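A short reminder: the numbers here are calculations on the coordinates, not readings from a lab. Please read all numbers here as calculations on a predicted model, not as lab measurements. Counting neighbours? That spans all protein chains shown, and the Cβs are built from the backbone with ideal geometry, glycine included.
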Amino acid sequence: MVSAALLMSISVWQDSPSSGAAAPKLDNIRVALFIDASTKYRLNTATATFSSASSLKIGLRTASAVENWLTAGKDPVRFAVDDFKVKLAETTDFNTALSISKRVLALGGSAVITTISKSGKSFYVVSEGSYGTAADAKTAMDKWTKDSSIASLMGSLKASLTGPLHLEGGSYASESAARSVVQLFSAAGIDAYPALRKAGTYSVMVGAAADSAALSTLKTNASKVAGAPSLREADTSTPYLLLRDDNTISGTAKQTYPSYSYPAGGTKVWVSTDGSAGIKLQERGGRTYRGSMEVSAYNGKMAVVNELPFEQYLYSVVPSEMPSSWASEALKAQAVAARSYALYQGMGFGIAHVNDTELSQVYSGIDTEKQSTTDAVNATAGMVAMYNGKPIEALFSSNAGGQTADATEIWGNAVPYLKSVPSPDQAAQNGLMQWYRVVVPSGDVGYIRQDLLDDTGRKNAVGAKVLVTNTDGVKVRDNPVVNDTIALVDKLAKGTEVVLIDQSIESNKMSWVLGPYTSDTLQKSSGWTSAIRTLEADYGQSGRVIGMRINGSSLSTKSPVNYRTLMGGLPSTRFEIDETARLEIAGANGATSKRPEQSGTLYIAGANGKTAASSNYYVLSGDGTVRAATVEPEFRFVGYGNGHGVGLSQYGAQGLAQLGYDYVYIMQYYYNGITIEGQ
């Protein structure tokens, strides 16, 4: 239920007047699927494998045009940067090559198998990686060959380096003509490949040397091949596509597909299709994308950029970021937020506007598109959230936990349109059960789902309810959620009585509980150099943590949002800390002691009059509340919301839409003082 205060604050909200500024226009957006953008973002791949239900066109993108070099059909086509690689094996036994490849992949490498003909035999070459220098490739080669499994599979085979230095000769009108010349070198035991230099023009590239000495040896050997064309050092500053026969995609010796290597300079390979089925990229989870693909080298690594019409990009973003079953006005608000956010970024990734992850906004291709979200994009086409005549950074998160954050609470700097407002996020809790936090017979504390317990109608000596399990094998968990990756607190038989301490709804994107964590665990997570006895927080206006102190000393961070990294990642910074060891004890003559600041053995007198040392105990407050406490410091986090909490709350947008508000109102509610403008 939305609170009366929230309803009042919504009902008096006033629309901002239109600024009259024209919204900026972006015809096509460039989305980085793989890129090395220095410290900002890295996702690398050694290969990019494309396919389509329609024919693929492969060409070169220049500053002025796209040149179509060839049509590849519907079969998969692979691309790689022509750089330094580790050649782990060259063998006539395909099974050996396949086993080495699988082992490298299992270890996190990027193995590729290609076929090359030498002296009338087929050899299978296992190559690994994509390296900008020979030294980097040498380091990788040492790593792989030290693996006992790879070494055993290699047997007498010797690893070596290959590189981007080639000899080149001839000019041929077809691939088959170039291949006939390749066979001259192959018969002499020398590696050679067809290479496309422009549409309808092939050459032959010989060897793949990693240094000048290897290239010099190659020149001597190649000069002895009878009937071969005159050779020169290949010009790697101009575009080419060197063709290898790839077995990796099929996983068999009999079936190969084309694999094209391009130089690491300014070459931009362009892959497109005329069909509506899109282009599939195997290395990005087999997703299929609208538009075209640009493959290049950026910061020394392969870059794969999907370029497509801007509005069609949003067809995937909106359902990737918000459930397509939600109210249409919430979906429209998400569409405007996503459009505005992308426009704000500019070319944020050097050669791309955005990437396809949460660092920008999630973009998953055609397969995630839904009719309802496509309709929302189309209904708001060109509409942009503006402030002072410019697109806003329309930040959004999953759930604000009832109150959005002011920008200062997250990044430390004020943004006029990113202010804290109440947010109706409660829909995240719909249909979830209550969980009871109980004391089990062993004295430990944990959570049991409500449907697994019955009320006995009795209370214990301090007035706490006594509950009883109603089935066998009842699992007692640290937190109010099913998570079988975490060890159980206990497992109880039917008829076991437990004592109720408190209760909470199952952890969700609106509210959650994590912990308890020991001092040692928290120390490792925070990087603190000594044992943690106390953990305290300072809070901003929305109830989010803006500062923390360990043992009374500040836990500094670049910006408050980084406090989410505690314990491997908290859902949000809107949390309270339950220091289970914190206690003030009244002693004789008015003296008090504070724990855990003052340590030492704690003796507790039980109802039976006996005194004993204990690690767990329970404190009854004046209002009858029972609190679980520990002698040694432990820490629980009781929090609200999911994400940074700045700007639009997605669950809140759904809540407002269900209250009858339209997308313009929703946007202006979450982004203070903005206008919604069209192109």
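Across the chain, the relative contact order, built from alpha-carbon pairs under 8 Å that are at least six residues apart, equals 14 percent. Fully extending the segment from Glu536 to Ser148, taken as 0.36 nm per residue of separation minus the present Cα-Cα distance, adds 134.7 nm.
When the gyration tensor of segment 621-679 is built from Cα positions, what are the square roots of 5 times its three eigenvalues, in whole Å, from largest to smallest? Kindly include the intermediate steps, with their values, before the conclusion.
Details: eigenvalues 352, 44, 17 Å².
Largest first, segment 621-679 gives 42, 15, 9 Å.
Computed over segment 435-505, the alpha-carbon pair-distance distribution with 10 angstrom bins reads 22, 59, 17, 2, each value a whole percent. Report the far tail of the P(r) of segment 281-417, meaning the percent of Cα-Cα pairs longer than 26 Å. That tail contains 27 percent of the Cα-Cα pairs. Each 10 Å bin from 0 upward holds the following percent of the Cα-Cα pairs of the chain: 3, 12, 18, 18, 17, 15, 10, 5, 2, 1, 0.
Please find the FRET efficiency linking Ser230 to Asp367, where r is the Cβ-Cβ separation and R0 is fixed at 51 Å, and quote it to the nearest 0.05.
Using R0 = 51 Å, I get an efficiency of 0.50.
For the peptides 167-177, 257-267, what is the packing order when you average, over each peptide's residues, the other Cβ atoms within 10 Å and list the highest mean first?
Result, highest mean Cβ count within 10 Å first: 257-267, 167-177.
Can you pull the semi-axes for segment 84-162, root of five times each eigenvalue of the Cα gyration tensor, sorted largest first, whole Å? Taking √(5λ) for each eigenvalue gives 19, 15, 11 Å, largest first.
Calculated FRET efficiency, Asn562 and Asp136, Cβ-Cβ r, R0 45 Å, to nearest 0.05? Intermediate results must be reported in sequence, preceding the final value.
Working: r = 31 Å, r/R0 = 0.70.
FRET efficiency, Asn562 to Asp136: 0.90.
Ranked by the mean number of other Cβ atoms within 10 Å of their residues, highest first, the peptides 364-375, 525-536 fall in the order 364-375, 525-536.
Helix 175-187 versus the longest principal axis of the chain: what angle, 0 to 90°, nearest 10, using Cα atoms? Result, in degrees: 80. What FRET efficiency comes out for Asp274 versus Lys524 if R0 is 56 angstrom and r is the Cβ-Cβ distance? Round to the nearest 0.05. Rounded to the nearest 0.05, the efficiency is 0.50. The alpha carbon gyration tensor of segment 215-267 gives principal lengths a ≥ b ≥ c with a/c of 1.5 or higher and a/b no greater than b/c, which makes the shape oblate.
Any idea what % of Cα-Cα pairs in segment 151-242 are farther than 22 Å?
More than 22 Å apart: 29 percent of the Cα pairs in segment 151-242.
Give Lys118/Lys143; Lys40/Lys280; Lys268/Lys558; Lys419/Lys524; Lys74/Lys102; Lys268/Lys332 a once-over and call out the pairs whose C-alpha atoms are over 32 Å from each other. It would help to have the intermediate numbers written out before the result.
Details: Lys118/Lys143 29 Å; Lys40/Lys280 26 Å; Lys268/Lys558 38 Å; Lys419/Lys524 34 Å; Lys74/Lys102 26 Å; Lys268/Lys332 36 Å.
Cα-Cα > 32 Å for Lys268/Lys558; Lys419/Lys524; Lys268/Lys332; rest within.
With θ taken as phi - 60° and the Karplus curve 6.51 cos²θ - 1.76 cosθ + 1.60 applied, the whole-hertz 3J(HN,Hα) list for segment 322-335 is 9, x, 5, 7, 6, 4, 4, 6, 5, 5, 5, 4, 5, 4 Hz, x standing for glycine and proline.
Can you tell me which of 82-95, 314-327 comes out highest on packing, and rank the rest after it, using the mean Cβ neighbours within 10 Å? Show your work: numbers first, answer last.
On the way: 82-95: 21.4, 314-327: 22.9.
Highest mean packing first, the order is 314-327, 82-95.
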